[in-house]
């Protein structure tokens, strides 16, 4: 059967700075998604947070870019924003960049990743959500998962993966996209995605049969608003096993921390820290940037559940196996913050154009003299 997995995130307000989603906001998401199941709009759901972002995971049969699904999410975020304003939460409604819904939530501020699939005999799904970083943050792990045989043994020993994978890469500045196949075009792929501020991987397919394997959010808030309003905080869906990368291969890139764009005031490079759901709160220098991962099975158009109807969700980074990455992230934090506001700790001048730095420079504009 055709099943759609949709995850939509939004920063509607946080407790004590850009920190964490408080329980009253999570409760709104939980209540509204429960109602959506009762009315038949969706089949199942899971509500969680990644730092200060409210995450709505929905499984349904209405396809990608469905207006009813997107409108429902938009209205949920609006109600959550009203509650956040009532509580005087910080950054209330930060990602709600448009006034009125216009048929699709894409380009309105909230981030969305979707995947319509034909269910296999067993359908393991992994969903990642990151906070205090931008949409290019998934370039590195996606390359490792689907193109690097040192990470993914299946590329060598699984005949169903031997033909490689195809990557859709978006040029955020030119509003263009290109599809590159690995291993044949690996170098060309790296030439693009090695600049995650400009190029992002949006989809991955298995080359031999065009089976959709991965989908990421592509909303870049600064390009919508024309200024810095918060980081993009991307989400991603990946299918696992049965001729695709195994769960362990999908998680392997997060054994070590790596640097991503964002962090404090969206203006710095910082180490990405894989954390459990309970530790998904950003503290030190508004971070370090965090990523959470959940795993589940899709079964007959729903998230597989227990006998009481509770979704069977596994918190993938709630595991001592990722302590090394967490220690590295803290160590890297201490090292790079010694640089203060000097590059490479701070983003490049081009990226800083969308932050509040231009306002500082404008104050000095009339004082500059020709050399």
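The values are calculated or read from the model by the stated rules, or taken from the named source; none is laboratory data. Nothing here was measured: the structure is a model prediction, and the numbers come from that model. Note: ideal-geometry Cβ built from the backbone for every residue, glycine included; neighbour counts use all protein chains shown.
Restricting to region 156-182, and then to whatever is within 14 Å of residue 143 (Cα to Cα) and touching a residue at least 24 places away in the same chain (Cβ under 8 Å), can you tell me which residue is surrounded by the most Cβ atoms within 10 Å (Cβ to Cβ)?
Taking region 156-182 and keeping what is within 14 Å of residue 143 (Cα to Cα), we get 164-169, 179-182.
This time we only want the ones that are touching a residue at least 24 places away in the same chain (Cβ under 8 Å), so: 164-169, 181-182.
Working: 164: 18, 165: 25, 166: 20, 167: 27, 168: 18, 169: 19, 181: 17, 182: 22.
Across region 156-182, the extreme among qualifying residues is 167.
Could you tell me whether any residue of region 285-292 is closer than 27 Å to residue 3 by Cβ and touching a helix residue (DSSP H, G or I) at 6+ places or on another chain (Cβ under 9 Å)?
For region 285-292, residues closer than 27 Å to residue 3 by Cβ and touching a helix residue (DSSP H, G or I) at 6+ places or on another chain (Cβ under 9 Å): present.
Just to verify a result, which residue in region 266-295, among those that are surrounded by 18 or more Cβ atoms within 10 Å (Cβ to Cβ) and out of contact with any strand residue (DSSP E or B) (no Cβ under 8 Å at 6 or more places or on another chain), is farthest from residue 48 (Cα to Cα)?
For region 266-295, the residue satisfying everything is 266.
Could you list, in sequence order, the residues of region 146-166 that are touching a strand residue (DSSP E or B) at 6+ places or on another chain (Cβ under 7 Å) and over 16 Å from residue 209 (Cβ atoms)?
Once the filter is applied, which keeps residues that are touching a strand residue (DSSP E or B) at 6+ places or on another chain (Cβ under 7 Å) and over 16 Å from residue 209 (Cβ atoms), region 146-166 yields only 147.
Select from region 94-132 the residues that are in contact with a strand residue (DSSP E or B) (Cβ under 9 Å, 6 or more places away or on another chain), farther than 30 Å from residue 210 by Cβ and not in a strand (DSSP E or B) and write down the one among them that is modelled with the highest pLDDT.
Here the residue is 132.
Within region 59-67, is even one residue assigned to a strand (DSSP E or B), more than 17 Å from the chain's Cα centre (by Cα) and at pLDDT 95 or above?
First, the residues of region 59-67 that are assigned to a strand (DSSP E or B): 59-60.
Next, from what is left, pick out any that are more than 17 Å from the chain's Cα centre (by Cα): 59-60.
Still in the list and also at pLDDT 95 or above: 59-60.
Among the residues of region 59-67, at least one is assigned to a strand (DSSP E or B), more than 17 Å from the chain's Cα centre (by Cα) and at pLDDT 95 or above, which makes the answer yes.
Each row is one residue, and each column tells you yes or no for (1) part of a strand (DSSP E or B); (2) in contact (Cβ under 8 Å) with a residue 40 or more places away in the chain.
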position: 16; (1), (2): no, yes
position: 19; (1), (2): no, yes
position: 24; (1), (2): no, yes
position: 29; (1), (2): no, yes
position: 34; (1), (2): no, no
position: 37; (1), (2): no, no
position: 40; (1), (2): no, no
position: 48; (1), (2): yes, yes
position: 55; (1), (2): yes, yes
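Take residue 343 and tell me if it is loosely packed, with under 12 Cβ neighbours inside 10 Å and either without any contact (Cβ under 8 Å) to a residue 40 or more places away in the chain or over 30 Å from residue 249 (Cα atoms) (or both). Can you show your working first?
Working: loosely packed, with under 12 Cβ neighbours inside 10 Å: no; either without any contact (Cβ under 8 Å) to a residue 40 or more places away in the chain or over 30 Å from residue 249 (Cα atoms) (or both): yes.
Judged against the criteria, residue 343 is not a match.
Residue 43 is checked against (1) closer than 30 Å to residue 312 by Cβ; (2) modelled with pLDDT under 95 and fails just one. What number does that condition carry?
For residue 43, the exception is condition (2).
For (1) in contact with a strand residue (DSSP E or B) (Cβ under 9 Å, 6 or more places away or on another chain); (2) surrounded by fewer than 22 Cβ atoms within 10 Å (Cβ to Cβ), each residue gets a yes or a no:
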residue	(1), (2)
12	yes, no
19	yes, yes
24	no, yes
79	no, yes
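Looking only at region 320-334, decide whether some residue is at pLDDT below 95, within 21 Å of the chain's Cα centre (by Cα) and outside any loop (DSSP other than H, G, I, E, B).
No: region 320-334 contains no residue that is at pLDDT below 95, within 21 Å of the chain's Cα centre (by Cα) and outside any loop (DSSP other than H, G, I, E, B).
Name the one entry in 333, 314 that is under 27 Å from residue 143 (Cβ atoms), surrounded by 13 or more Cβ atoms within 10 Å (Cβ to Cβ) and without any contact (Cβ under 8 Å) to a residue 40 or more places away in the chain.
Details: 333 fails: without any contact (Cβ under 8 Å) to a residue 40 or more places away in the chain.
Of the residues listed, the single one that is under 27 Å from residue 143 (Cβ atoms), surrounded by 13 or more Cβ atoms within 10 Å (Cβ to Cβ) and without any contact (Cβ under 8 Å) to a residue 40 or more places away in the chain is 314.
Considering only region 244-257, state which residues are in contact with a strand residue (DSSP E or B) (Cβ under 7 Å, 6 or more places away or on another chain) and either surrounded by fewer than 21 Cβ atoms within 10 Å (Cβ to Cβ) or under 19 Å from residue 198 (Cβ atoms) (or both).
Correct list: 247 only.
Looking at this structure, is residue 350 modelled with pLDDT under 95 and assigned to a helix (DSSP H, G or I)?
Working: modelled with pLDDT under 95: yes; assigned to a helix (DSSP H, G or I): yes.
The answer is yes for residue 350.
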